[in-house]
Amino acid sequence: MDQNKIDTLRAELVPSFSHLIDGRHLPASDGATMDVVSPINGQVLTTMARGTVADMEAAITSARAAFEDRRWAGQPPAARKKVLMKWADLIEAHALELAVLGVRDNGTEIGMAFKAEPGSAAGTIRYYAEALDKIYGEIAPTAGDILGLIHKEPVGVVGAIIPWNFPMMIGAWKLGPALAMGNSVVLKPAETASLSLMRMCDLALEAGLPPGVLNAVTGEGKIVGEAMGLSMDVDVLVFTGSGGTGRRLMEYSARSNIKRVYLELGGKSPNIVFADAPDLAEAAKVAAAGIFRNSGQVCVAASRLLVEASIHDDFVAEVAKAAEAMRVGDPLQLETHIGAVNSETQLNANLGFVDTAVAEGGQIVTGGQRVLAETNGYYMAPTVVTGVRPDASLAQKEVFGPVLGVTPFEDDDEAVAIANSTVYGLAGGVWTSNLGRAHRMVRDVRTGVMHVNTYGGADGTVPLGGVGQSGNGHDKSLHAIEKYINLKTAWIKL
Ligand code: NAD
């Protein structure tokens, strides 16, 4: 990446964004717009359409029509693959432009955003494009006078509600498999991170996706998101975001057409460090990166550090040192390690969690405060709090900010008990040289993913999904496809 190119792109005026409905850019039905505030400096970057219920209904009608006339599902797999492959190529060709636009909108440091956003989105779209003509139906082992066929059909209209932390990456996790399987999609990006994802949708049309197959409506969750949730014409809802919204989506489903609802709701992931870790210095650096990158706004963030008591003080000192070495600042500077918190609301919520942690007996080892306030941007110092009891708020509630709570443990059983003491179960990590202990931890800690002697790495070949109140269903890998198909049996008397 070239700093000069980034600086040129950041200086560009950003036009007002409108909805994408039936292949056309349309304003809100009542003409309303909402300000897009950049977390880099608190300034209004541009405006976007403030969607209405009528806008969402128009988008769903368009998606339904596109599905019913089979303009996409009816194309030969090779043709659909070609379009999706071209889309991935276009995302890559526009990668820096998309990444900078996204960072201006959501504040993630550019080094991470470039890889995790357009880079990962293109890879995901390509993965499902390559997969789509390798997914077969089945022949059931029936008696000889019967032929039992199991078809894998697209579900119909998929509603996808996307959060603000990684809009393109998470958007692609839903769009890739949904479109590969022949569905139509209506997308609802997050209020505070819509722009890059909306631009990415334009590129899908440029790649040859027929109008109406992918629609996107910007605006407020409680208006357009609710309209999507309550629609009688959306067949599947896929969502990443907060538990509160996830619960509402299940309610909307129950109150409308019992649409399938798949939720990815974040977590309170434990990173467990034993004294016999192969490299404690490396473990400390990774523990810091595992919570502080993207200002902790990562669903799998390693937000609870469980440390074997015998090494607690030295290890915490190393983690604090690593945190203090991370440069917080302008997310569009290549040397920045930690960019801006996504919104003022989120920044204030983060600071509130720190106050509560202290009130509940925690001690701040480093950080704990807003920084660079003179920029009017939303920046927070990476924060380490020790003395966090397993039942304290900081150990129980998802902060979604750069705040690490540290809790000591004495032995394996206590580590597992603490690790499993939240309502969540998305991710976790264990650091040990003992192979048997590593496998036991993988087995006993209730999560969707466990890292061993590393944290946070993964690629598109493995599923991501939680247990407990971290949600249901999986993004990524071939397993994600199950959310976007119906099984249909044909029972044929020969
Ligand atoms: P949120 O759940 O309110 O927003 C996520 C998405 O849901 C957005 O697109 C939003 O517009 C939409 N939405 C909001 N209300 C809706 C409704 N009533 N019906 C339909 N859609 C609706 O999350 P938030 O307020 O942006 O963030 C709050 C917390 O959520 C964070 O602090 C964090 O704990 C969690 N979060 C988790 C993830 C994750 O990756 N798991 C991502 C973002 C936020």
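Key figures
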quantity: Span-rule helices in the chain, defined as complete DSSP H runs reaching 20 Å or more along the axis (Cα) with Kyte mean at least -1.0; calculated: 53-68, 77-93, 344-359
quantity: Cubic angstrom per residue, convex hull over Cα atoms of the range 365-457; calculated: 126 Å³
quantity: Added length on full extension, which subtracts the Cα-Cα distance from 0.36 nm per residue, ASP313 to ASN41; calculated: 94.2 nm
quantity: Accessible carbon and sulfur surface of the chain relative to its total accessible area, %, 1.4 Å; calculated: 55 percent
quantity: Relative counts (whole %) of C-alpha pair distances in the chain, using bins that are 10 Å wide; calculated: 4, 20, 29, 25, 15, 6, 1, 0
quantity: Neighbourhood net charge (11 Å Cβ-Cβ; Lys/Arg +1, Asp/Glu -1) for TYR262; calculated: +1
quantity: Mean-position separation - Cα centroids, the range 59-109 and the range 152-206, in angstrom; calculated: 7 Å
quantity: Isotropically averaged projected area of the range 270-458, using the convex hull of Cα atoms (one quarter of hull area), nm²; calculated: 9.9 nm²
quantity: Distance (nanometres) between label positions extended 7 Å along Cα→Cβ at ALA254 and ALA93; calculated: 4.9 nm
quantity: Shape of the range 362-414, Cα gyration tensor, a/c cut at 1.5; calculated: prolate
quantity: Positive dipole terminus of the chain, leading residue within MET181, PRO167, LEU90 (C-beta point charges); calculated: MET181
quantity: Contour excess over end-to-end distance, with Cα ends at ILE135 and ASP69 and 0.36 nm allotted per residue; calculated: 21.5 nm
quantity: The range 313-403: proportion of alpha-carbon pairs further apart than 16 angstrom, %; calculated: 54 percent
quantity: Charge dipole (the chain, unit charges on Cβ, about Cα centre) - positive-most of LEU195, TYR455, ILE125; calculated: ILE125
quantity: Environment charge of ALA340, counting only residues whose C-beta is closer than 9 Å and scoring Lys/Arg +1, Asp/Glu -1; calculated: -2
quantity: Prolate/oblate/rounded label for the range 187-282 (Cα gyration tensor, a/c 1.5); calculated: oblate
quantity: Heavy-atom SASA rank of GLU206, GLU153, GLU308 (probe 1.4 Å, accessible area, largest first); calculated: GLU206, GLU153, GLU308
quantity: About the Cα centre, charge dipole magnitude for the chain (Lys/Arg +1, Asp/Glu -1 at Cβ), debye; calculated: 1400 debye
quantity: Debye, to nearest 20: dipole size of the range 270-458, +1 on Lys, Arg Cβ, -1 on Asp, Glu Cβ; calculated: 480 debye
quantity: Net dipole in debye of the range 112-204 [+1 Lys, Arg Cβ; -1 Asp, Glu Cβ; about Cα centre; nearest 20]; calculated: 300 debye
quantity: Whole-number accessible area per residue in Å² for the chain, which is evaluated in the context of all protein chains at 1.4 Å; calculated: 39 Å²
quantity: Extreme residue, positive dipole direction of the chain, given options ALA323, VAL354, ALA417 (C-beta unit charges); calculated: ALA417
quantity: Partners for LYS115 among lysines (Cα-Cα distance below 25 Å; same-chain residues under 8 apart left out); calculated: LYS5, LYS81, LYS82, LYS86, LYS174, LYS188, LYS268, LYS285, LYS476
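The values are calculated or read from the model by the stated rules, or taken from the named source; none is laboratory data. Keep in mind that what you see is a predicted model, and the values were worked out from it rather than measured. Neighbour counts are summed over all protein chains in view; Cβ atoms, including those assigned to glycine, are modelled from backbone coordinates with ideal geometry. Protein only, heavy atoms only, side chains kept; ligands, DNA and RNA dropped before computing areas. Shrake-Rupley method; radii C 1.70, N 1.55, O 1.52, S 1.80 Å.
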